[in-house]
Amino acid sequence: MILGGEPTVHLPTALEIVAAMPAAARLVWKTNAHGSARAREWLDGLFDVWLADYKFGNDRCAGRLAGICDYGAIARENLLWAGEHAELIVRHLLMPGHLECCWRPVAEWLASELPGVKVSLRPAFWPAWQADRHPELRRTIPQAESARALQLAEALGLNLIP
């Protein structure tokens, strides 16, 4: 497994590592789904599984919380591509106060555009690093919010995995 926020920023090194792996190795590309189309060209056929984080359901939250522009379009383009080229597992970190603005749009898009894809809903948010800069992120996920997120996933027929 290759790990790191968006590992395509270290693409030459990642390609060197893959080249040194035994041919029978099962390779997993762990990504935040924000790489470029050019990077996808280089990675095509190298990884058996793409483990992709789909963090934000809208560009407003992506910009405010992570300083990322055009997050939604880029992430969706990468997820659609990965779903056609490898086994795809999509992870979503449920953030407190972001059920309707982030999880719902992500869940609805996955159900519509990637039906059957494996989805790992991660309700174990922990307020760390710079969470104190955003009032809604200064807490963990309340049990009721986590339950509502799971209900939505089940209602949409998502293929939830641990």
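The values are calculated or read from the model by the stated rules, or taken from the named source; none is laboratory data. Note that the structure is a prediction, hence the values are computed from the model and not measured. Counting neighbours? That spans all protein chains shown, and the Cβs are built from the backbone with ideal geometry, glycine included.
Of all residues in segment 55-111, those satisfying the criterion of being under 18 Å from V28 (Cβ atoms) and in contact with a Leu (Cβ under 8 Å, 6 or more places away or on another chain) are L79, A82, G83, L88, I89, V90, R91, H92.
Exactly one residue out of L99, L94, L79 is under 25 Å from E136 (Cα atoms) and touching a strand residue (DSSP E or B) at 6+ places or on another chain (Cβ under 7 Å), and it is L94. Consider segment 33-49 and keep the residues that are under 10 Å from A86 (Cβ atoms) and under 17 Å from the mean Cα position of the chain (by Cα). The one that is surrounded by the most Cβ atoms within 10 Å (Cβ to Cβ) is F47.
Just to be sure before I move on: is W29 out of contact with any Asp or Glu (no Cβ under 7 Å at 6 or more places or on another chain), among the hydrophobic types (A, V, I, L, M, F, W, C), touching a residue at least 12 places away in the same chain (Cβ under 8 Å) and surrounded by fewer than 17 Cβ atoms within 10 Å (Cβ to Cβ) in the structure I sent? Give the derivation first.
Numbers: out of contact with any Asp or Glu (no Cβ under 7 Å at 6 or more places or on another chain): yes; among the hydrophobic types (A, V, I, L, M, F, W, C): yes; touching a residue at least 12 places away in the same chain (Cβ under 8 Å): yes; surrounded by fewer than 17 Cβ atoms within 10 Å (Cβ to Cβ): no.
Judged against the criteria, W29 is not a match.
Examine segment 122-135 for a residue that is more than 18 Å from the chain's Cα centre (by Cα), at pLDDT below 95 and polar (S, T, N, Q), and state whether such a residue exists.
Keep residues of segment 122-135 that are more than 18 Å from the chain's Cα centre (by Cα), which gives 127-135.
Filter again for at pLDDT below 95, leaving 127-135.
Okay, now just the ones that are also polar (S, T, N, Q), so 130.
Yes, the conditions are met somewhere in segment 122-135.
Which of the residues belonging to segment 82-91 are over 22 Å from R139 (Cβ atoms) and in contact with a strand residue (DSSP E or B) (Cβ under 9 Å, 6 or more places away or on another chain)? If the condition is that a residue be over 22 Å from R139 (Cβ atoms) and in contact with a strand residue (DSSP E or B) (Cβ under 9 Å, 6 or more places away or on another chain), then A82, G83, H85, A86, E87, L88, I89, V90 are the ones that fit. Using the structure shown, decide if E154 is over 30 Å from R40 (Cα atoms) and out of contact with any Pro (no Cβ under 8 Å at 6 or more places or on another chain). Yes.
Confirm whether R138 is modelled with pLDDT of 95 or more and among the basic types (K, R). So R138 fails the test.
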